[in-house]
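Structure, as structure tokens:
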Amino acid sequence: MRSDMENWKEIRQQVLVNGLSQRAACEQNKLGWQTLKKILSHTEPPGYRQTEARPRPVLAPVLSIIHEILVADQMAPKKQRHTAKRIFERLKAEYCYRGGKTVVEDPVRA
């Protein structure tokens, strides 16, 4: 199994040095046109490039409630603390939360 970096270098060499056409490189390596353009414009894979956190319009109103529950849980015995699933169920029942369970799990985990 070859790494992405090895494939990246090989594709760049085929097109830029050996003269393989860009269309042939796309077909040969099963790449999209935009992916090939990215490979040719960067000497190595650019990595993850998100600059700022995405907004959370559904979760934002209940973040303070989650924080309050977690702070109150620090005083409670270990067996009586809320799990992320239980916090999610409470938000649905008491505050009509309409978001997903995994969205609630992230701030609880943090």
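Assess whether residue 69 counts as being surrounded by 11 or more Cβ atoms within 10 Å (Cβ to Cβ), out of contact with any Lys or Arg (no Cβ under 8 Å at 6 or more places or on another chain) and not assigned by TED's automatic domain parsing to the domain that holds residue 16. The answer is no for residue 69. Here residue 37 meets each of (1) modelled with pLDDT of 90 or more; (2) charged (D, E, K, R); (3) surrounded by fewer than 15 Cβ atoms within 10 Å (Cβ to Cβ); (4) closer than 30 Å to residue 105 by Cβ with one exception, condition (4). Helices (runs of 4 or more DSSP H) fully within the stretch 10-110 that include at least 2 residues being free of Cβ contacts under 8 Å to residues at least 60 places away in the same chain and over 18 Å from the mean Cα position of the chain (by Cα): 22-29, 33-41, 63-75, 84-95. Which condition number in (1) hydrophobic (A, V, I, L, M, F, W, C); (2) over 23 Å from residue 110 (Cα atoms); (3) surrounded by 10 or more Cβ atoms within 10 Å (Cβ to Cβ) is the one that residue 91 fails? All conditions pass for residue 91, except number (2).
The values are calculated or read from the model by the stated rules, or taken from the named source; none is laboratory data. What you see is a predicted model, and the numbers here were worked out from it, not measured in a lab. Neighbour counts run over all protein chains shown; Cβ positions are idealised from the backbone, glycine included.
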